[in-house]
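Read the structure below first, then the notes.
The values are calculated or read from the model by the stated rules, or taken from the named source; none is laboratory data. Model, not experiment: these values are computed from the prediction. All Cβ positions, even for glycine, are placed from backbone atoms using ideal geometry, and neighbour counts span all protein chains on display. With ligands, DNA and RNA removed, areas are computed over all heavy atoms of the protein, side chains included. Shrake-Rupley method; radii C 1.70, N 1.55, O 1.52, S 1.80 Å.
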Amino acid sequence: MQRQIIQTTSIWHDGFNLPTYSPLTTDLRIAVAVVGAGIAGLSTAYQLAKRGIQVAVFDDGPIGGGDTGNTTAHLTGMLDKGYAETEYLRGTDGARLTAESHLAAIDMIERIVRDEAIACDFARMDGYLFLAPGGELRTLTEERDAAQRAGLNDVALLSEGVTLGNVRLSPALRFPHQAHFHPLKYLAGLCHGIERMGGQIFCGTHITRVNAEAIVTLETTDGPVIRADSVVLATHMPIDDTLGYSLRIFPALTYVIGLHLPTGSLPNFLAFDTADPYHYVRIQAAEDHDVLIVGGEDHKTGQADDMDARYQRLAQWARTQFPLAGEVLYRWSGQVANSFDGLALMGPDLVSPHVYVITGQTGIGMTHSTIGAMIIADQIVGIPNPWAELYAPGRATGHGLGEVVSEGLNVLSQYTDLLKGGDVASATEIPAGSGAVVGWGPMKVATYRDDQGRLHHCSALCTHLGCIVAWNDSAKTWDCPCHGSRFDSYGTVINGPAPSDLLPAEE
Ligand SMILES: Cc1cc2nc3c(=O)[nH]c(=O)nc-3n(C[C@H](O)[C@H](O)[C@H](O)COP(=O)(O)OP(=O)(O)OC[C@H]3O[C@@H](n4cnc5c(N)ncnc54)[C@H](O)[C@@H]3O)c2cc1C
Ligand code: FES
């Protein structure tokens with residue numbers, strides 16, 4: 001039976017219950033504290049527990065409540081910036097290590113799935129990089145040559161196009177031996193593995209402050225203090241911006257739809273195209289049908305208000321490429337943390353050797369996070385890791401400087417919003433379940449009208465560096481256009497780098 005209801009949370013939350021955990025209620029002394037229970041935090045905790053380290057994970061929400069629950073879970077070494085650009089940005093050796101590390105991450109996920117017997121639909125398949133309309137074949141030949149120089153000798157150009165089921169698609173590069181899985185079932189398996197090895201997991205515990213001394217202390221909203229020899233901040237967007245991550249990570253919102261597809265009408269595959277922003281596609285089997293998952297339409301966080309149009313363009317694109325695609329069953333969005341050179345920032349924070357970060361994982365955060373987990377677990381137990389330098393958080397921007405400068409100028413231009421009026425002349429114009437920035441004299445107020453018609457006011461100044469937040473009517477969040485902090489409708493921070501909630505608005 002085809003469902004007519006569009007789900008606005010991701011397909012992964014549909015019919016699957018994750019394990020639940022209680023908040024921390026008393027002070028805790030632990031060898032390693034991991035903040036964040038998405039794929040980055042749980043993979044790191046798993047790798048540490050495997051190495052015999054006493055570890056505890058803390059999250060302010062439920063397991064998988066962050067962007068791991070929003071992912072499309074392509075497990076791939078097909079890079080966001082591609083191999084040709086990565087070779088320019090990080091050199092031939094850098095591109096080779098990048099390829100090696102992503103393939104090793106897919107192998108590691110496969111091994112964990114097998115060792116822990118995790119039923120998470122893990123499957124190997126080909127990945128394709130399709131030429132977008134108007135693109136030149138030269139783009140694909142250059143990318144193939146760079147991928148091969150990086151050691152991916154089996155990447156092949158299919159210049160006559162690709163046939164998938166009954167569908168004929170444009171010329172593409174084929175990357176064999178990629179994979180996909182159900183990300184939340186995988187997280188549940190990691191949780192069981194961590195607990196079996198003696199690790200602890202606490203949810204509903206918000207970390208407010210990290211004091212990086214010889215023994216690192218973490219402060220929590222509810223009072224208990226955590227003391228640890230080392231801390232891993234795996235919060236996707238950094239919550240401790242002392243190393244200026246926000247100058248080198250550029251958050252974007254990305255959109256996904258899931259369309260009905262007759263079972264078996266397309267083989268399993270992963271795909272990206274060469275459009276900018278690119279589309280990404282995969283299949284997920286459901287009980288009596290398949291779901292064609294299509295993503296794209298990215299924009300800088302807080303800098304667009306046409307979400308419905310973006311979902312519609314995705315559906316149109318999907319039906320043009322895959323005429324069998326039917327009803328839209330799911331639609332959701334999430335944030336990706338892009339970095340200046342397309343590679344994640346993972347390893348010790350330069351400010352303290354006891355604080356480690358995993359951030360900037362771009363649109364291939366499943367593999368990046370797994371690589372980060374392997375690097376940091378090795379570093380904590382003192383084993384050299386071959387990829388540590390490549391992903392070091394404090395690395396020089398090098399050829400990525402141009403992007404840092406242009407993103408910096410974009411951020412500066414956002415401050416002109418301080419001089420503008422509100423989005424609406426008065427709160428009476430805000431419909432129920434929606435929000436807008438309202439001018440109270442020189443003050444800007446983030447006003448949300450709840451479903452019962454009650455108004456909730458906060459200062460619209462982001463608590464990171466004071467940009468004006470923008471209402472996101474699709475996700476019902478306040479999004480900061482400068483460095484991607486996000487707040488729920490009532491102003492509670494859900495994504496750093498903002499350290500705290502929006503302040504109350506005072507008349
Ligand atoms: C729509 C979409 C599609 C994507 N598709 C792919 C794909 O196909 N393949 C791929 O590899 N990657 C993909 N990505 C990227 C990938 O999903 C992310 O890079 C990855 O999930 C990030 O994992 P994480 O563990 O770092 O973050 P999260 O899953 O966001 O986890 C961070 C956790 O930290 C917690 N937290 C934050 N601050 C605090 C605090 N102060 N105290 C306590 N807890 C805190 C949060 O509650 C959250 O649970 C996609 C992303 C999106 C949005
Ligand atoms: S995230 Fe930096 S000012 Fe808002």
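A quick yes/no check of all residues on (1) more than 30 Å from Pro323 (Cβ to Cβ); (2) free of Cβ contacts under 8 Å to residues at least 12 places away in the same chain; (3) buried (at least 24 other Cβ atoms within 10 Å of the Cβ):
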site	(1), (2), (3)
Gly204	yes, no, no
Thr208	yes, no, no
Ala212	yes, no, no
Val216	yes, no, no
Ala234	yes, no, yes
Val256	no, no, no
Pro277	no, no, no
Glu287	no, yes, no
Asp290	no, no, no
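Would you pick out the residues in segment 268-303 that are out of contact with any strand residue (DSSP E or B) (no Cβ under 6 Å at 6 or more places or on another chain) and more than 15 Å from ligand 1 (Cβ to nearest atom)?
Thr274, Ala275, Asp276, Ala285, Ala286, Glu287, Asp288, Gln303
Specify the residue that is most open to solvent (accessible area, probe 1.4 Å); the eligible residues are those in segment 494-507 that are within 15 Å of ligand 2 (Cβ to nearest atom) and at pLDDT below 90. Quick ask: steps written out before the conclusion?
Going residue by residue through segment 494-507, those that are within 15 Å of ligand 2 (Cβ to nearest atom) are 494-503.
Now narrow it down to the ones that are at pLDDT below 90: 494-500.
Values: Ile494: 93, Asn495: 24, Gly496: 6, Pro497: 5, Ala498: 6, Pro499: 71, Ser500: 52 Å².
Across segment 494-507, the extreme among qualifying residues is Ile494.
If you go through segment 462-507, how many residues are among the β-branched types (Val, Ile, Thr), in a loop (DSSP other than H, G, I, E, B) and within 13 Å of ligand 1 (Cβ to nearest atom)? Working first, answer last.
We begin by selecting, within segment 462-507, every residue among the β-branched types (Val, Ile, Thr); these are 463, 468-469, 477, 492-494.
Subset that is in a loop (DSSP other than H, G, I, E, B): 463, 469, 492.
Filter once more, so that each one left must be within 13 Å of ligand 1 (Cβ to nearest atom): 463, 492.
Residues meeting the conditions: 2.
Which of the residues spanning segment 144-164 are at pLDDT below 95 and either loosely packed, with under 15 Cβ neighbours inside 10 Å or touching a Cys at 6+ places or on another chain (Cβ under 7 Å) (or both)? Full working, then the answer.
Of all residues in segment 144-164, those at pLDDT below 95 come to 159-164.
Once the filter is applied, which keeps residues that are at pLDDT below 95 and either loosely packed, with under 15 Cβ neighbours inside 10 Å or touching a Cys at 6+ places or on another chain (Cβ under 7 Å) (or both), segment 144-164 yields Ser159, Glu160, Gly161, Thr163.
Only one of these conditions is not met by Leu390: (1) in contact with a helix residue (DSSP H, G or I) (Cβ under 8 Å, 6 or more places away or on another chain); (2) under 17 Å from Thr235 (Cβ atoms). Which number is it?
Of everything listed in (1) in contact with a helix residue (DSSP H, G or I) (Cβ under 8 Å, 6 or more places away or on another chain); (2) under 17 Å from Thr235 (Cβ atoms), Leu390 misses just condition (2).
Of all residues being more than 16 Å from ligand 1 (Cβ to nearest atom) and not in a loop (DSSP other than H, G, I, E, B) in segment 52-85, which is surrounded by the fewest Cβ atoms within 10 Å (Cβ to Cβ)? Just the residue, please.
Of segment 52-85, the ones more than 16 Å from ligand 1 (Cβ to nearest atom) are 52-54, 83-85.
Filter again for not in a loop (DSSP other than H, G, I, E, B), leaving 83-85.
On the way: Tyr83: 28, Ala84: 20, Glu85: 18.
Taking the candidates together, the pick is Glu85.
Please verify whether Ala432 is away from ligand 2 (no atom under 16 Å from the Cβ), more than 21 Å from Gly360 (Cβ to Cβ), touching a Lys or Arg at 6+ places or on another chain (Cβ under 6 Å) and open to solvent by 20 Å² or more (accessible area, probe 1.4 Å), treating the condition exactly as stated. Even if it seems obvious, please write down each step before you answer.
Details: away from ligand 2 (no atom under 16 Å from the Cβ): yes; more than 21 Å from Gly360 (Cβ to Cβ): yes; touching a Lys or Arg at 6+ places or on another chain (Cβ under 6 Å): yes; open to solvent by 20 Å² or more (accessible area, probe 1.4 Å): yes.
So Ala432 passes the test.
What number goes with the only condition from (1) more than 16 Å from ligand 2 (Cβ to nearest atom); (2) open to solvent by 10 Å² or more (accessible area, probe 1.4 Å); (3) in contact (Cβ under 8 Å) with a residue 24 or more places away in the chain that Pro393 does not pass?
The single condition Pro393 does not satisfy is (2).
If you scan segment 373-427, which residues turn out to be basic (Lys, Arg) and in contact with a Ser or Thr (Cβ under 8 Å, 6 or more places away or on another chain)? Can you show your working first?
Step one: filter segment 373-427 for residues basic (Lys, Arg), giving 395, 420.
The answer is none; no residue qualifies.
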